[in-house]
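This report refers to the structure that appears directly beneath it.
The values are calculated or read from the model by the stated rules, or taken from the named source; none is laboratory data. These figures come from a predicted structure and were not determined experimentally. Positions of Cβ are backbone-derived with ideal geometry, glycine not excepted, and every protein chain shown enters the neighbour counts. Only protein heavy atoms, including side chains, enter the accessible area calculation; ligands, DNA and RNA are left aside. Shrake-Rupley method; radii C 1.70, N 1.55, O 1.52, S 1.80 Å.
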Number of protein chains: 2
Amino acid sequence: MNVNTEQLFTQARTQNGYFADPVPETTLRELWDLMKWGPTSANCSPARIVFVSSDAAKRTLIDCMNAGNVDKVRQAPVTAVIGMDMAFYEQLPKLFPHTNARPWFADKPELIASTAFRNSSLQGGYFIVAARALGLDCGPMSGFDAAKMDAAFWGGTTVKTNFVCALGRGDPSKVFARSPRLGFDEACRIA
Amino acid sequence: MNVNTEQLFTQARTQNGYFADPVPETTLRELWDLMKWGPTSANCSPARIVFVSSDAAKRTLIDCMNAGNVDKVRQAPVTAVIGMDMAFYEQLPKLFPHTNARPWFADKPELIASTAFRNSSLQGGYFIVAARALGLDCGPMSGFDAAKMDAAFWGGTTVKTNFVCALGRGDPSKVFARSPRLGFDEACRIA
């Protein structure tokens with residue numbers, strides 16, 4: 001599928017308001033079928049997603065969000081709760097079949113935590129770029145009550161919330177002036 | 001710039017060997033100038049990068065890598081050490097100029113740590129997709145001695161290593177058979 005780096009990076013903007021246009025389930029499935037191919041350590045693929053779209057689920061989600069994010073979730077046709085499975089290593093016999101990688105992680109809580117967090121966040125980056133490739137606008141957010149979110153969306157599982165991202169057609173009148181970025185020489189060096 | 005989702009996601013593969021073709025500095029600058037636009041929480045942009053390309057820096061990096069990653073770093077014309085600035089909030093007056101966001105983080109070590117790790121990993125996802133958009137193959141790695149790496153590449157700074165990614169033209173004969181991914185219904189649900 002043809003896309004351009006303007007829509008993915010240089011012209012894309014974080015959204016604060018959304019039009020009502022629905023996001024079809026087929027688009028959410030296409031989104032997963034792009035982002036799932038992004039690389040993760042030992043193909044561990046810890047990200048799990050709840051796409052919140054029903055009125056009932058949206059009310060539950062709104063109840064977990066910080067005040068400044070409530071209107072965004074209310075307006076967006078879909079908001080994705082992106083979690084990380086802290087038992088991701090149980091999937092390695094399937095996901096990394098050429099060797100027995102489960103013992104690399106099992107019973108190593110610090111390595112499990114850092115691997116789940118790093119790789120589900122990497123997958124969060126793939127999620128945002130893949131959504132934009134599909135023509136969706138994104139509004140990533142980390143202002144919420146994590147314990148409440150975990151209980152509401154991942155109860156009885158080994159998944160914990162990483163961050164949240166609204167999806168839809170953004171309202172350009174609600175976009176803020178673009179903030180500056182660090183230049184290459186401020187953030188990078190060649191050694 | 002026109003690209004396609006095959007080169008970014010569905011056909012892109014993690015590399016294990018590289019041809020000698022150099023990666024020009026202009027391409028590394030283009031890479032930063034794409035990835036820097038990806039969204040981060042409060043535009044905090046914690047990622048910092050050392051692009052290792054000289055023989056001396058490569059020897060230092062090889063000395064930090066786990067045995068299984070040494071040949072990859074030796075072959076790749078450039079390997080990026082992607083770090084996270086644990087004092088990222090000191091840049092917020094510049095990066096998030098419309099409000100005083102520094103106090104949201106200062107003296108909150110757990111929030112600093114999770115924000116730096118989540119957002120520099122998100123930026124790692126943008127890095128990989130942006131590199132592929134520029135025609136570079138990627139080999140992300142997390143098998144290294146982190147303390148040694150921090151001392152070697154970020155000594156005297158507030159930056160810690162997150163992960164490492166080789167860049168170059170990959171040798172297709174060294175690519176492994178593709179591992180499976182979780183299906184939508186294994187990793188996602190619609191609520």
When every protein chain stays in place and a 1.4 Å probe is rolled, B:Ile190, B:Ile49 sorted by accessible area with the largest first are B:Ile190, B:Ile49
If the label for A:Glu110 sits 7 angstrom from Cα along the Cα-to-Cβ line, what are its distances to the same label in every other copy, in nm to one decimal, shortest first? 1.8
Computed from the beta carbon distance with a Förster radius of 25 Å, FRET efficiency for A:Thr157 and A:Val70 to the nearest 0.05 stands at 0.50
Those chymotrypsin sites (Phe, Trp or Tyr not before Pro) from the stretch B:1-76 that are DSSP loop and have at most 15 other Cβ neighbours within 10 Å turn out to be B:Phe19
Using label points projected 7 Å from each Cα along Cα→Cβ, tell me how many nm separate A:Lys108 and B:Arg102, to one decimal. 3.9 nm
Step through the residues of the stretch B:16-21 one at a time and calculate ³J(HN,Hα) from phi using the Karplus curve (6.51 cos²θ - 1.76 cosθ + 1.60, θ = phi - 60°), rounding each to whole Hz and writing x for Gly and Pro. 10, x, 9, 7, 7, 3
Per residue of chain B, what 222 nm ellipticity follows from adding -39500 (n - 2.57) for every DSSP H run with n ≥ 4, rounded to the nearest 500? -11000 deg cm²/dmol
Across the residues of A:41-48, average count of Cβ atoms on other protein chains within 10 Å? 4
Total charge of the residues flanking B:Ala20 in space, meaning their Cβ is under 15 Å from its Cβ, with Lys and Arg +1 and Asp and Glu -1, is 0
For chain B, modelled as a Gaussian network with Cα springs under 10 Å, which listed residue fluctuates most, B:Ala116, B:Ala146, B:Ala67? B:Ala67
So how far apart, in nm, are the two label points at A:Arg189 and B:Arg29 if each is 7 Å from Cα heading toward Cβ? 1.8 nm
If you roll a 1.4 angstrom probe over the protein chains with everything in place, what fraction of the accessible area of the protein assembly as shown belongs to carbon and sulfur, to the nearest %? 52 percent
